[in-house]
Amino acid sequence: MNNRRFCTWPIFSFLLFAFCASHGFLRAADEGGKAADLGGGLFYFRVTNLSGQLADARAALAKHAALVVDLRGVEAGMADLRALRSALTPADAKARVARFVLINRETAAAIPFTLNAGLPDGSVPGVIVIAPAAAGVPADVKTPGSNDDDKAACEAIAKGAAPTTLIDHQPDKKRYDEVVLVREHQGLAVPEDEVESRGETEQKDAPAKPLTDSVLQAAVHTHRALAALKRL
């Protein structure tokens, strides 16, 4: 009898592990309150399971005056919504804090409404809700880019990409043919076929554009602007 009980324990452990993994509990534990440093005093915290990571989110909010809270794709119940608003509300109403909440069309619809996103009055002090304009959800700041681009950025982060690799990419620089440049400098007419050829060459040789997280980038730029204005 004891031998049977002992033999079934590994099976039970395996089933418990599989259940936790399938419900995201292990992922939440692995992320454990660690906030990525975006530079300049701004940090990033990714939430995938709001109820499971609420304590870690509170700790990150208490530790960092400027924090990006990524809630894209997150679901939330009524209790989670109340707890989220409470966590984002600074204990001191006069505290200089910035909470950049990222959402998208996959985020629970009740989250932006709970935070009064897009409304001039009644918003949580220090909270700025940012979303892609294409998502069609209430937000204080709406960014360019498609929903597919936003999804690709979220997937990259989920696979382990550092958030800093998805922001602040240098704008594309135009490339010019040396012969054309000399003719333009000397005031000589440039044949149309050479202009067309130059354009085709630029498009052919142009490297693939790196993936940019426009929502995260908007948070970084807004933080820099607030810091420059001594608002933080």
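The criterion of at least 1 residues that are at pLDDT 50 or above and hydroxyl-bearing (Ser, Thr, Tyr) is met by the following helices (runs of 4 or more DSSP H) wholly inside the range 1-71: 50-63. From the list ALA108, ALA95, the lone residue that is modelled with pLDDT under 95 and among the small types (Gly, Ala, Ser) is ALA95. When VAL124, VAL129, VAL101 are checked against the criterion of being in a loop (DSSP other than H, G, I, E, B) and buried (at least 18 other Cβ atoms within 10 Å of the Cβ), VAL124 stands alone in meeting it. Among the criteria (1) at pLDDT 60 or above; (2) over 19 Å from GLY41 (Cβ atoms); (3) outside any helix (DSSP H, G or I), the one ASP193 does not fulfil is (3). Just one of the listed residues (PRO138, PRO112) is assigned to a helix (DSSP H, G or I), over 19 Å from GLY52 (Cβ atoms) and in the same structural domain as HIS223 (by TED's automatic domain parsing), and it is PRO112.
The values are calculated or read from the model by the stated rules, or taken from the named source; none is laboratory data. In this text the structure is predicted, and so the values were computed from the model without any measurement. FYI the Cβ positions are ideal-geometry reconstructions off the backbone, even for glycines, and counts take in every protein chain you see.
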